[in-house]
Structures are given as structure tokens and as C-alpha cells.
Amino acid sequence: MQIERNAADIENIVGRVEQVVRVSAAYMKDNPSLTEAAVYAQLRANLKANSLIFGSAAAFAPYSFDKQQRLFAPYIYRAGDGLKQMDIGKEGYDYTQPKWSWWSSAQSSAKASWSDPYFDQDAGESLMVTFSEPFANAAAMRGVITADISLPSLRQLLQQKVTAGIPTILLSQSGHYLFHADAALVVSGNIFTQSRQRQQSWKETLGHLVLSGKAGSYASGEGDDDRVWFYAPVKINGWGIAQGVPKKMLEAGLQQQLKRYARMFIGVLLLVGIFIWLMLGRILRPLNQLDEAARSIAREQPIVLPEISTHDELGRLGDAFNSMMRTLLKRERALRDARDDFEQRVNERTEELDKINHQLRYEVEDGEQARRKLQSSEQHFRTLVENLPGGVIRCLWEDGWVVRYASGQIEQLVGLSIRKLIGQPYSHLLDQVHPLDRERVQEALQQVNAQQSQLNIEYRVLNPKSGIIWIRDISRVVYDEQNKPRLLDSLLFDVTDRKQASAALRHSQERFQSLEKGLEKEYFFFSRDKKGKMTHISASVEVITGYSKQEIGDDFDFLLADAAAKERLHERMQHVLNGEQPNPTVVNARCKSGEIKQLEVMSVAVRSETGQIEAIEGIVKVIP
């Protein structure tokens, strides 16, 4: 549903804001000795990482940053086309007071939270909501990292996504309006307070449903409020969104849809009926003629051949049927004549066979035993040859090699009929060799004859049926007692798949190298084995970080700026090795120039043919 897609869009927006804050909180936790300048630099990085963040603060607990200073809360926020900075504790207000929920809620629960909308007059001077993430040391909470979203900016973004003319509301966890057609309600409006003031009980019910954590619909009151509200949760932070569609609009749309479907259904039925009527008439008439002719044959009655004039499958079937009937009639007449002649000849031959039957009986018994031995030997040889992974050819020397035997696989390999190949000179087989390989094969055969060695060569043949096929030819010459060539035995294998796989692998490597070179300013790739040792890293890492592949070695941790980044990356790699697919991880990396860059690391498992994880491959993207 559209409302659920809108909720997913909002969840994606606030999720990216939360990710920036969590990375900063982890960085502050792992680096307790940061200077004031380093803290401001990290806050600026937060605003650069996400354009929706209006401002970001690092509010420290009393005396936790400086023993001589009670409050310290550096704050960076957008002003015009640039950024401004201030210390909320010194220039703004005492943020530890309970009314500032972005501090008090995170401090009391030690958990991340979103505030209700408020107007921060002393710091940022904008209507906003704030996400707070606490960070601590071993003893106690040290402070809170925040990110502010300007509600006017959020309103502009949501107006692009929601349907114009349809009332839309976005509620915080406590029911405050974060988005409403009446912008004044976003300042201090609450759906539950408003429903009680205006005595609109349906609105209070709607508020509870929107914040229930489930998606659904609710029919409101009458008159102007006679709507169906579709709602869905923003699961990441407990917000909820709803849109109210007038019932009349839904009913009109449903009626139009039903009418359109009804017209389409009637039209389809008419077309199908006409098509079936036409096809039945076209098919049944020729079939009835064929059926009548077949029944005449069964009853041994005179046959009237059907006349089918169509030029489709039925016409071809009728022609085939008539041709078969004519052939049957001719054969029937021939069989009658042959039967009479055969009976006479049988009687004559019977007398002759009786005379020689006695003599043949003894000869057959002797020959039967020899035939069994010959059949057994021949069957053993054919079974052996036909089960070889390739084809077999045997040539006999008769002023040149002449083919005397070829197994069935030879026809599949070279595309020549075995019947036509037997008795032909071996050069007839060489004519199938690719012109670019033919001279090389002929020279190799001559060398085998001259040196009495074994031929082992790969070449292409032009198969008329299958195209170009790669063959591996292992041939050996057999010599007689006078050391003269007698037999040439050849074993041919199809190695086309291996050749094509090698060519495809080279092409894939060339494409990968071209892709890698085109992305060298924004991405680099790496591979790690199961023990965490890096087995490959692309050369573009030097363009991004300044460190060469030799300086980095086999340890990816060399690039990470802090212990928190290492811990998060190691945890992600362990999830991948466990067969999971975690979300991308954002880490801080220290370049050779000293610059800190934020990198987004994505990784996947590489599995063997048996499904076992053998390694990890990943891609690293620079976050602008």
C-alpha cells in the first residue's frame, strides 16, 4: 500500500540520521581525551554526512569534559549557506534542566530517543525534533550526541512524497504532530488533546491506532470527517503516519474499476466465443472426412479419399493420409501376387531343406560355439570403446593411412557419417580441421611418423552440425616386426567447454579490471580469508587513502582511525562468516595526509561448490 511505502521512506530518512549519531557516539566513547577542536570537527562531519541534519551537538555531563567548567555543549548548525558553532552551555541555556527532553530522556534511560517537536530559541532558532544517543565511560555517562531535524525541511520533503489533496498526518510517540496540513498544529498540537478539546472521539481512536505499531485502516465520522484513514507505523522510532481518503472517492474509484473489469470480461468472452466457433468449424470438417475414410478401410469398403484444401496442419495431415492410402492400396495388390508365388516356392524349398537339414545340424553345432566366442569378444570390445569419454579411430597403412574403424562418438565430434568415413584416407578427416590449425596438425603427424613418438595436440574442427569444436587428439603409430608403420590409433576428446571457460574467465578479468579503474576515486575492493588475513586489495585504495598496497599489507585494520571502527568491522565480518547478511557499516579511516574520511563497508561471503564459506569479498565506498 502507498501508506506503507510512505512509512518506509520516512524510516529510511530517520534511520540515516540515527546512523550518523551512533557512529559519532561510538567515536566519542572510544576517544575520551579529544580536544575541543576535535569535538567541533566531528560535529561538522555529522552535518556533511547527512544534508537533512539541521544541527548536531555533543553535550557533556557537568564537569566531565573540564574539571574547571560545569557545562560544555559544542553545537554546529546550519545558517544560510554556511555552518555556525556555539557552546549551548555557555551561550544558550542549562540543558540539564528537566524541560530539555533531548538531554533528560537520554540521561535518565541511558538509551537513544527522539524528542517531541520544540522551538529552540537560544540554539539554532528553528522548530525541530532531536535524536539523542548517550555515550559513557566505565564509571558513568559522559554525555549525549544529538542530531536535529528541522521540521520545515521535513515538511518540504514529505510534501513531495504524499498524495496532493489527501490529508496526511505524522505523529510522534506521544501524539504530537510532526506533519499536518495546518502548520500551526506542528508547533504545539497533540492529536489526543485536540480530540478532547473538539469532542472528536474518532480522532483519539485514530491516534491510538496510528501509534499502535500496526498498519491498517479506520473509518472516521460523518460529514467532512467521513473518511477512511490508512495508517502505518514508522517502526524505527515509534512514529506513525496516516492519510484520510474520502469515502466517496473510494466508492467512485471502486465503481469505475468494477465497470472497467466488467467491460473487459464481456469483451473477452465474445472474442473467445467467436474464435472457438470459427476454429471448431475449420477443424471438425476435415477431421470428419478423415474419420469416414478410416471407417471405410475398417469395413473393407471402397475408399473415397478426402479432399482437404487448407494449407495448415490439417491440410498437411490430409495429404499425408491420402498418400498413405495410395501406398497401402499398391502394397495390398503386390501382397496378393507375392502370396501366391510365395506358397509355390515354399513347397519346393521345403523338400530341399528336409534333405540338407540333417547335414546342417552337425555343422551348426560346431559353428555355434565359435560364434558365441566371437560375439563375446566383439561385445567386450564395443562396450569398452563406447564407454570411453572420447571417440576412437583406427587407421591401416595402405600406401597412406586409411580409416578402418571409428566409434560412434566420432560422428558427434567431427560431424562426418561413420559409414562414409570408413575406407576413406585419413586426409578426409583432416579436411574438417580449422584452416588456421590444419598445417600445424599435419606437421605434428609427420613428426610422429618420423620420430616414432606419440601425438598429443589440441585443435579446432569445423563440425557442420555443431559449429567450431575444440578437440584434443592423442594418437600413436603401431609398427610391425620390420619397424614399418602398420596401425594409427587415435583417441579424440571434446575440450570445447574448457576452452570457452578459459576465454570467459579472461574476459571477466578484463571487465573487472576496467570497472575497478573507472571507480578508483570513490571505491576500492578487498578480499579476506576466514582468519581475517587480507588476500587482495585494489590499487584504488592508494588514490583514496594515500597508502599503497605494500604499506597496508594484509591487515585492513591499518586504515581504521579508532578502536570502535575496528570492533564494528570485526563484528560485521563475523556475521558474514556465520552466513548472515548485515547492513553496510560506516567507519572512520585515517588517510596518509591525516584527514579522517568516513567509509561505508559492504561485504558478502564467497562459498565453495559445496556451500561452505571460503572467504569474504567486500567493496568500500567513500561517503562524501
Name every residue in segment 58-78 that is assigned to a strand (DSSP E or B) and either of a type in the set (A, V, I, L, M, F, W, C) or open to solvent by less than 50 Å² (accessible area, probe 1.4 Å) (or both), in order of residue number. Ala58, Ala59, Phe60, Phe72, Pro74, Tyr75, Ile76, Tyr77
Do you know which of the residues in segment 122-143 that are in contact with a helix residue (DSSP H, G or I) (Cβ under 9 Å, 6 or more places away or on another chain) and more than 28 Å from Asp182 (Cα to Cα) is surrounded by the fewest Cβ atoms within 10 Å (Cβ to Cβ)? Asn137
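Give me a count of the residues in segment 80-103 that are without any contact (Cβ under 8 Å) to a residue 12 or more places away in the chain and outside any loop (DSSP other than H, G, I, E, B). It would help to see each step written out before you state the result.
Initial filter on segment 80-103 (without any contact (Cβ under 8 Å) to a residue 12 or more places away in the chain): 80-82, 84, 97-100.
Those still in the list that are outside any loop (DSSP other than H, G, I, E, B) too: 82, 84.
Residues meeting the conditions: 2.
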Please return the ranges of strands (runs of 3 or more DSSP E) entirely within segment 104-179 where 2 or more residues are within 17 Å of Ile88 (Cβ to Cβ). 118-120, 126-136, 141-150
Report, by residue number, each residue of segment 480-516 that is modelled with pLDDT under 85 and of a type in the set (Ser, Thr, Tyr). Ser502, Ser508, Ser514
Being under 17 Å from Val495 (Cβ atoms), out of contact with any Gly (no Cβ under 8 Å at 6 or more places or on another chain) and of a type outside the set (Val, Ile, Thr) is the filter here, so list the residues in segment 405-435 that pass it. Gly415, His434
Val403, sole failed condition from (1) over 44 Å from the mean Cα position of the chain (by Cα); (2) exposed (fewer than 14 other Cβ atoms within 10 Å of the Cβ); (3) outside any loop (DSSP other than H, G, I, E, B): (2)
I'm trying to understand the selection: among the residues of segment 26-45, which are without any contact (Cβ under 8 Å) to a residue 60 or more places away in the chain and of a type outside the set (Gly, Ala, Ser)? Leu34, Thr35, Glu36, Val39, Tyr40, Gln42, Leu43, Arg44
Restricting attention to segment 536-548, does a residue exist that is touching a residue at least 60 places away in the same chain (Cβ under 8 Å), among the β-branched types (Val, Ile, Thr) and more than 27 Å from Ala45 (Cα to Cα)? no
Run Asn463 past the list (1) open to solvent by less than 50 Å² (accessible area, probe 1.4 Å); (2) without any contact (Cβ under 8 Å) to a residue 24 or more places away in the chain and report the number of the one that doesn't hold. (2)
Those residues that are open to solvent by 50 Å² or more (accessible area, probe 1.4 Å) and in contact with a Ser or Thr (Cβ under 7 Å, 6 or more places away or on another chain), I need them from segment 204-216; list them, please. Glu204
Would you confirm whether any residue within segment 79-89 is under 44 Å from the mean Cα position of the chain (by Cα) and open to solvent by less than 40 Å² (accessible area, probe 1.4 Å)? yes
Just checking, does segment 517-531 include any residue being modelled with pLDDT of 85 or more, within 30 Å of Gly400 (Cβ to Cβ), open to solvent by less than 40 Å² (accessible area, probe 1.4 Å) and touching a helix residue (DSSP H, G or I) at 6+ places or on another chain (Cβ under 9 Å)? no
Kindly indicate which of Ala252, Ala232 is open to solvent by less than 50 Å² (accessible area, probe 1.4 Å) and either at pLDDT 85 or above or within 30 Å of Glu18 (Cβ to Cβ) (or both). Ala232
Which one is nearest to the chain's Cα centre (by Cα) among residues in segment 106-143 that are modelled with pLDDT under 90 and hydroxyl-bearing (Ser, Thr, Tyr)? Ser115
When segment 540-578 is examined, which residues are found to be open to solvent by 60 Å² or more (accessible area, probe 1.4 Å), in a loop (DSSP other than H, G, I, E, B) and not polar (S, T, N, Q)? Asp554, Asp555
What number of residues within segment 171-203 are open to solvent by 60 Å² or more (accessible area, probe 1.4 Å) and within 20 Å of Val234 (Cα to Cα)? 2
Residues being in contact with a Cys (Cβ under 9 Å, 6 or more places away or on another chain) and more than 10 Å from Phe524 (Cβ to Cβ): count how many of those fall in segment 544-558. 2
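Here is a list: Lys566, Lys521. Which entry is under 28 Å from Lys29 (Cβ atoms) and basic (Lys, Arg)? Give the derivation first.
Details: Lys521 fails: under 28 Å from Lys29 (Cβ atoms).
Going through Lys566, Lys521 in turn, the sole match is Lys566.
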Per the filter on segment 172-204, residues among the hydroxyl-bearing types (Ser, Thr, Tyr) and in contact (Cβ under 8 Å) with a residue 24 or more places away in the chain are Ser172, Ser174, Tyr177
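I need the full set of residues from segment 581-596 which are in a strand (DSSP E or B) and either open to solvent by less than 100 Å² (accessible area, probe 1.4 Å) or closer than 14 Å to Lys621 by Cα (or both), in order please.
Thr585, Val586, Val587, Asn588, Ala589, Ile596
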Residues to consider are Thr146, Thr163; find the one that is open to solvent by 30 Å² or more (accessible area, probe 1.4 Å) and hydroxyl-bearing (Ser, Thr, Tyr). Thr163
Could you say whether any residue in segment 24-33 is more than 27 Å from Ser153 (Cα to Cα), more than 42 Å from the chain's Cα centre (by Cα) and surrounded by fewer than 20 Cβ atoms within 10 Å (Cβ to Cβ)? yes
Since Gly55 meets every condition but one in (1) within 26 Å of Ile10 (Cβ to Cβ); (2) open to solvent by 50 Å² or more (accessible area, probe 1.4 Å); (3) of a type outside the set (S, T, N, Q), which condition does it not meet? (2)
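The values are calculated or read from the model by the stated rules, or taken from the named source; none is laboratory data. From a predicted model like this one, the values you see are computed outputs, not experimental measurements. All Cβ positions, glycine included, derive from the backbone under ideal geometry; neighbour counts span all protein chains shown. For accessibility, only protein heavy atoms count, side chains too; no ligands or nucleic acids. Shrake-Rupley method; radii C 1.70, N 1.55, O 1.52, S 1.80 Å.
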